[in-house]
Each structure stands twice: as C-alpha cells, then as structure tokens.
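To keep things clear, I will list the structure first and then write my remarks on it.
Nothing in this text is a laboratory measurement; each read-out follows from the coordinates by a stated rule. Remember, predicted model here, so these are calculated numbers, not experimental data. Virtual Cβ from ideal backbone geometry, glycine too; neighbours counted across all protein chains shown.
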Amino acid sequence: MRGKSALFVAILACPVTIAPLVAAPAIEKSVVRIVNHAQRPSWYTPWGTGAMQWTTGSGFVIEGGLIMTNAHVVSDSRFLALFLYGDPNPHEGRVVVEGHDCDLALIRPVEPKILEGVPALSIGGLPSLRSMVETYGYPSGGDQISSTQGVVSRIDRQLYAHSAADGHLAVQTDAAINPGNSGGPVVQEGKIVGVAFQNNKAMESVGFFIPTEVIRHFLADAKDGTYAGYPDLAVRTASLENPAARRLAGMQEGESGVRVDWIAPDSSADGWLRTGDILLRIEGETIANDGSVASGELTRKTCATRTSTTAGRATTSTRAWCSCRWTARWSRPSATTGCRTPTPSWSTSFCSARRASPLCSRRSASSCSGVWILR
C-alpha cells in the first residue's frame, strides 16, 4: 500500500491458485471489488489538501446488508465504488465504521436492496495449524476474481501494519500475497476464517490474515455503529528469566511471571498497579517468565510486554484477547463504597489477597465486589 515504509506492509492481496475447498460460485458471488478514491492529508502541511488517488481492494458480504473489508482499503475515502460479482456497473458505498487498530471496516451500499440475492458469508472459527485455507479477491492486473490456496503455518501475535502500533493475533499462510486482495475472505469449509491483509517484505511466499477472534471482537464492538477499539492496560513489563531477578522480586520456587517496569500516567493501570509488581496469571493461566501464556493448540502465545493479572501476590483475574493489546481496563473506585464498578457491562470479578497490593490493599475482599475487568 502506498505510503507504508514499515517492514510489515499492509497491501491489497491474496495467495496462489489450487483446487477450491468448497463450491466456488457460492463464495465468489459474495466477494466485492472495492475502488477507493481517496484524498490523504499531509501531516507536514495539514492546512493543504492532498492529491486525489485511487486504490483497489476486496471485501465480502456479511449479515445485515454489510460488506466487510480492511480499514486500510477504505481509509481517507472520498468516494467508494463497489463492483459486485458479474456486474460491471459501479455502485456507491459508504463506510459505516472503521477499526484502525484491528484493520477492519464495514461498508453499506447506498442503493437499497442492491445486496438482495447475494449470499451473506458466515463466520467460522480459528483454523488448525497445517490445515488448508482458500482466499478470494481481486488482485491487481485484472478485473476478474481470483481464488488461491495456502497452508496455515503459524498463528501468533503480529504487528498490524496499518496502524504500525497495534499487535493482535494473526494467521500466517505459506502463499504469495499480491496487491489488490486485502479485505478478501479467507475460507475453510465454506465459512470465513479470516480476512487477508498484509505480508512481510523480508519473507517470501508468506501472507497474513486477520482471524475470526479479532473479527468477532470488532463486530461486537461495532454493533452500535461506533468502534471504541481495544483497551490497553498501558504498562511495560520485563521478563524474569534470570533466577536472580526472580529471587529479588520475592517469587517462590516454581512461580513465573513478568515484572511491571512502567505505567502510563492516567492510564487504566495507574493507581491500581505499581512498578515492581509481579504479574503471575491471566484468567487462571500461568504467565511464563518470557511473558508468554499457554493456550491449547496454539502452545504459547508470546504476548510479552502486555500482561495484566497478579499484582505482587494479590491475584486478579482478567480476560485477554490473545492479541496482546490487552482488553483489561480498571474502573475507578466509587466515592461512597471505595469499590470499583465495571465499565461497560461485560465483567468478571474476584480479589483474593495473599499480601498487600495496590489492587486489594484499599479494601477487604469480603467488603468489596472485587476488581472488575473489561473483556
């Protein structure tokens, strides 16, 4: 994509053709070619307007009369032209919501009922390692749809190139990525398992797609027409692989975790965590000394510098989307009870203190509903 100089480059892309995994026409009819006529502002001359330019990408129809694609496909849009399968006529579309941290966006066609008769694709689960997936889209060099296949070779946290600041779960395939297909569906057994979105310049025949865990989070957040994004605990941690560092932290034999070294002022963790706290567990899962967390078939999720749970030895349960921009925000204490209340409604609570800590020292576990976590 133009204007991106990072190692990971968000491009409009998809893999190399092999036999389809499902009946091709059923999927192809749901894939949309997107032409974005964009006007990108200049950070150096914000008083001026940038030149108009156009880029192409792909998208696919989902429930609710919406089209899902990448945020980088539709960003800075002045006019979106949508081309449906088998229809040479452009149809205007408008962005409903964009999630720049997760590189996803939703589009609604301006013409009513234009998507009637177009099958909406359903969202599946996380594909298994070494399983086959197929991607669909409109790569550069032609106007016809292309379908390509690849093997799921890795599932872990990756930097999302669109924002160049956010890291979430991503799935790697061993297929070449070409400009033009970003936003296209990645399919397995007739269901969406991801959205194609970027590659790595330093690696050959490697592409990445956004998994359904991130997609479902985006859709749930965007239900009200706005997208708030992934909350951030806003702490920096250090690994504790050195036995001397663990002894200095007062950790017992067999314990593992990471040490909080910095807390962003006025952030979610400010006032609740303090530097020197040791984070031991997250949602009951042990944090290893390198900052990774075990999780079933994914073995260990290397989420290194973003962890939240145990302050010192006071255990606090949280939920993290294996995307490592942790979805944990602490609400402030009530002026009357001193207890924290959840923001928003999704929450879980408990607070069991094994020694005094910033999380539990202000109240007893019995008198307070505990620590509320956003998940």
Theoretical gain in end-to-end length, Asp143 to Asp76 [0.36 nm per residue, Cα-Cα removed]
21.8 nm
Give the shape of the stretch 26-109 as rounded, prolate or oblate, defined through the alpha-carbon gyration tensor: a ≥ b ≥ c are the square roots of its eigenvalues, a/c under 1.5 means rounded, and otherwise the shape is prolate if a/b is larger than b/c and oblate if not.
prolate
How would Met132, Met52 line up from fewest to most surrounding beta-carbon atoms within 10 angstrom?
Met52, Met132
Cβ-based exposure ranking for Val110, Val152, in which fewest neighbours within 10 Å come first
Val110, Val152
Lys/Arg Cβ at +1, Asp/Glu Cβ at -1, dipole of the stretch 8-224 taken about the Cα centre: which of His37, Leu129, Leu84 is farthest positive-ward?
His37
Non-local Lys pairs in the stretch 8-224, i.e. 8 or more apart or on different chains, that have alpha carbons under 28 Å apart
6
Expressed in nanometres to one decimal, the distance between label points 7 Å along Cα→Cβ at Ala249 and His37 is 5.6 nm
List the pair-distance distribution P(r) of the stretch 8-224, using every Cα-Cα distance, as the percent of pairs falling in each 10 Å bin from 0 up to the bin containing the longest distance, rounded to whole percents.
9, 38, 38, 13, 2, 0
Spin-label pair Met52/Thr275, simplified geometry with 7 Å Cα→Cβ offset, distance in nm
5.3 nm
Sorted by Cβ density within 10 Å, fewest first, the residues Phe209, Phe218, Phe197, Phe79:
Phe79, Phe218, Phe209, Phe197
Counted charge near Ala238, where neighbours are those whose Cβ lies closer than 11 Å (Asp, Glu -1; Lys, Arg +1):
-1
Once you have the Cα-Cα distance between Lys191 and Met203, take 0.36 nm times their residue separation minus that, and quote the gain in nm to one decimal.
1.5 nm
Output wanted: per-residue J couplings in Hz (rounded whole) for the stretch 44-54, from phi through Karplus 6.51 cos²θ - 1.76 cosθ + 1.60, θ = phi - 60°, x for Gly and Pro.
8, 10, x, 7, x, 9, x, 6, 6, 8, 10
